[in-house]
1. Can you tell me which residue is modelled with the highest pLDDT among those in the stretch 110-128 that are in a helix (DSSP H, G or I) and surrounded by fewer than 16 Cβ atoms within 10 Å (Cβ to Cβ)?
2. In the stretch 378-409, what residues are open to solvent by 40 Å² or more (accessible area, probe 1.4 Å), over 21 Å from Leu250 (Cβ atoms) and either in a helix (DSSP H, G or I) or in contact with a strand residue (DSSP E or B) (Cβ under 6 Å, 6 or more places away or on another chain) (or both)?
3. Looking at the stretch 70-93 only, could you name the residues that are within 28 Å of the chain's Cα centre (by Cα) and open to solvent by 30 Å² or more (accessible area, probe 1.4 Å)?
4. Counting only residues that are of a type in the set (Asp, Glu) and open to solvent by 100 Å² or more (accessible area, probe 1.4 Å), how many does the stretch 216-265 have?
5. Six or more apart or on different chains, Cβ atoms under 7 Å: show the pairs whose first residue is in the stretch 569-584 and closer than 20 Å to Gly600 by Cβ and whose second is assigned to a loop (DSSP other than H, G, I, E, B) and open to solvent by 100 Å² or more (accessible area, probe 1.4 Å).
6. Return only the number of the condition from (1) surrounded by 16 or more Cβ atoms within 10 Å (Cβ to Cβ); (2) in contact with a His (Cβ under 8 Å, 6 or more places away or on another chain) that Phe281 does not satisfy.
7. Within the stretch 416-428, can you find the residues that are open to solvent by 40 Å² or more (accessible area, probe 1.4 Å) and in contact (Cβ under 8 Å) with a residue 40 or more places away in the chain?
8. Given the residues Ile359, Ile326, which is the only one that is closer than 15 Å to Val271 by Cβ, β-branched (Val, Ile, Thr) and touching a residue at least 12 places away in the same chain (Cβ under 8 Å)?
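The values are calculated or read from the model by the stated rules, or taken from the named source; none is laboratory data. Remember, it's a predicted structure, so these values are computed and weren't measured experimentally. Here the Cβ positions follow ideal geometry from the backbone for every residue, glycine too, while neighbour counts run over all protein chains shown. Surface areas here come from the heavy atoms of the whole protein model, side chains and all, with no ligands, DNA or RNA. Shrake-Rupley method; radii C 1.70, N 1.55, O 1.52, S 1.80 Å.
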Amino acid sequence: MNDNKIIVLTHNPKGKWKGTIKKLEEDRGYKNWNKSINVSVGDIILLYISKTVEKIQYILEVTEVRDTNIDLKLIEKLSKDVSNKLSFKILKQHGLKPSTVNYILNNNKELYDYVTSIIYNRKLENYTEEGIDTMNSLNQILYGPPGTGKTYNTINKALEIILEQQIDENIKSILQKENQSKEERKILTEKFKEFKDSGQIEFITFHQSYGYEEFIEGIKADLVDNDSIKYKLEKGIFQKLSKKAEDNFLNSKKNSKFDFISFINDFAKLVEDSINEDKQFVITHRNDNFKNETFIKEVKRNSNGDIQSFITDGGAKNQSLSISVIERDLEAFLNGEINTFHDIKPSFDSKSDYHGNAIYYFGLFKEMKKYYDQNKNKYLEKTERLKNYILIIDEINRGNISKIFGELITLIEDSKRLGKDEAMELTLPYSNVVFGVPQNLYIIGTMNTADRSIAQIDTALRRRFVFEEMMPKPWLLKNLEILNEDGDNTNINVEKILTAINERIEYIYDREHTIGHSYFMDLLNPDCNTKVKLDEIFRVNIIPLLAEYFYGDWEDILEVLNDDKGYFIIDKTKDLQYKPKKDRGNKVYTINKNKFEISGYINIYNSMVIKEYGDN
């Protein structure tokens with residue numbers, strides 16, 4: 001952990017700063033936040049929402065500090081599941097004093113340990129000057145109503161996780177935007193495909209017949225040339241990806257190779273530059289009785305320019321510290337295997353236990369280590385770079401979790417991953433292979449709340465995943481102009497349409513069946529912001545979805561659309577030719593086959609329709 005602090009700030013959403021949270025989410029940050037506590041650039045802010053919420057809900061980073069205010073960048077909105085564990089009531093149980101408002105979390109060890117262990121089920125030990133190095137749980141599920149961008153955002157999540165270990169500022173800057181352009185989205189999709197083609201990302205969809213055999217391993221029938229059936233053991237997608245991730249994890253932990261040639265050439269140039277500038281390059285040496293200083297007066301090279309030795313001056317004139325001894329012992333010195341000059345052995349058979357110039361080599365090695373420590377990454381060649389692997393499971397709740405994961409559900413826990421203190425491995429039933437899940441394998445699932453399946457989801461799965469709710473974001477459609485066939489603005493406010501529809505759905509039904517913004521996002525594309533396109537969205541997507549939600553109860557649908565004049569739904573009861581003689585009081589509705597009127601759209605959010613808008 002570095003010197004950056006973790007600070008909890010309290011925000012009252014019902015006070016004079018009402019609307020702040022909406023702006024924070026829209027802009028992915030907030031400028032000129034009131035400075036109520038001393039902070040520094042790079043500090044992490046956990047935003048506690050007071051009054052009716054009373055939970056920590058947001059993680060932010062301080063990007064600018066002024067005398068009276070600060071700028072913040074939104075890193076993460078915590079999932080409901082995580083936020084519930086950071087409520088005022090629970091925080092009090094872990095050391096929070098009731099009167100505390102804004103405070104430095106680092107100063108309260110008990111509370112610090114609890115909060116940092118809850119966020120994504122692990123200690124937040126990976127803070128850097130740039131903020132949090134990783135805020136991604138190993139197992140996470142994006143859940144919400146249809147059209148809220150769950151599958152869409154799996155691409156963003158996957159790239160965020162993979163690019164933690166890489167420098168790709170262009171991609172990272174795009175990922176920070178909540179509303180990406182078509183061109184930016186294409187860049188992300190191509191990058192995602194690149195990682196998928198390389199085997200770093202796998203994408204699957206769970207369904208009712210998906211099983212352990214496809215996911216982990218199973219025996220499958222194979223038809224051979226003579227029309228006979230041969231049975232073979234086949235690995236499932238999870239086992240294959242786990243093996244790739246594990247191999248990479250283990251290879252990345254192997255000792256790095258020290259690039260001695262590059263190092264010694266650069267160090268020699270440093271010495272020569274110092275000599276040429278008439279500065280003494282000092283090496284301090286000590287034997288068993290005294291401490292002294294010697295200077296390097298020359299880097300001796302052969303006719304090809306290759307380094308042969310370092311020549312000393314001062315207290316020990318013209319001693320030659322040969323490249324062969326340096327190459328033999330330097331890496332051992334850097335690794336802590338040579339602790340005194342006695343450990344530097346003679347080059348040839350000798351009565352002495354250590355080299356005649358051992359004290360000078362030891363002094364030179366100390367200077368080399370200073371240079372090495374400042375430039376370590378430049379001279380270490382890893383056999384393989386550590387990479388993150390991602391398994392995306394779309395519609396994760398539609399599969400039979402017990403059947404698919406089987407006994408391996410325990411192994412996906414953060415604490416049970418390979419290399420952790422409580423790591424676990426199990427023997428697979430078909431192959432008898434010992435199997436574990438590595439730390440660099442992430443699982444991202446998506447879940448649709450409209451089918452109510454989130455309430456019945458397997459309890460074992462619930463405990464092992466972080467849940468991030470994704471709700472409609474009508475503000476993404478703000479300032480969108482819908483044009484008629486003549487190219488004139490119709491003054492239809494799509495943001496208000498979506499807001500009004502969802503408020504009525506939530507009132508009549510529930511919030512899990514609201515309608516996502518993604519159904520309307522095509523309207524933001526060039527030349528697509530037309531009423532013709534809006535009509536298509538309503539006719540093909542919105543109205544059929546409402547019919548599914550309300551099981552064909554058209555009167556509820558009429559209420560949701562505020563449609564009392566047949567703008568979208570027409571009562572055709574009186575037009576029925578073969579109506580039963582007995583009047584049952586029933587009504588028959590159908591979707592209006594004509595163009596939807598502009599006034600109908602405006603009527604959704606404003607019952608007082610202004611006629612001069614016209615109907616094109």
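1. Looking at residues that are in a helix (DSSP H, G or I) and surrounded by fewer than 16 Cβ atoms within 10 Å (Cβ to Cβ), I get Glu110.
2. Within the stretch 378-409, Lys378, Glu395, Arg398, Ser402, Lys403, Glu407 meet the criteria.
3. Correct list: Lys73, Ile75, Lys77, Lys80, Asp81, Asn84, Lys85, Phe88, Ile90.
4. Residues meeting the conditions: 2.
5. Asp571/Lys587
6. Exception for Phe281: condition (2).
7. Gly419
8. Being closer than 15 Å to Val271 by Cβ, β-branched (Val, Ile, Thr) and touching a residue at least 12 places away in the same chain (Cβ under 8 Å) holds for just one of Ile359, Ile326, which is Ile326.
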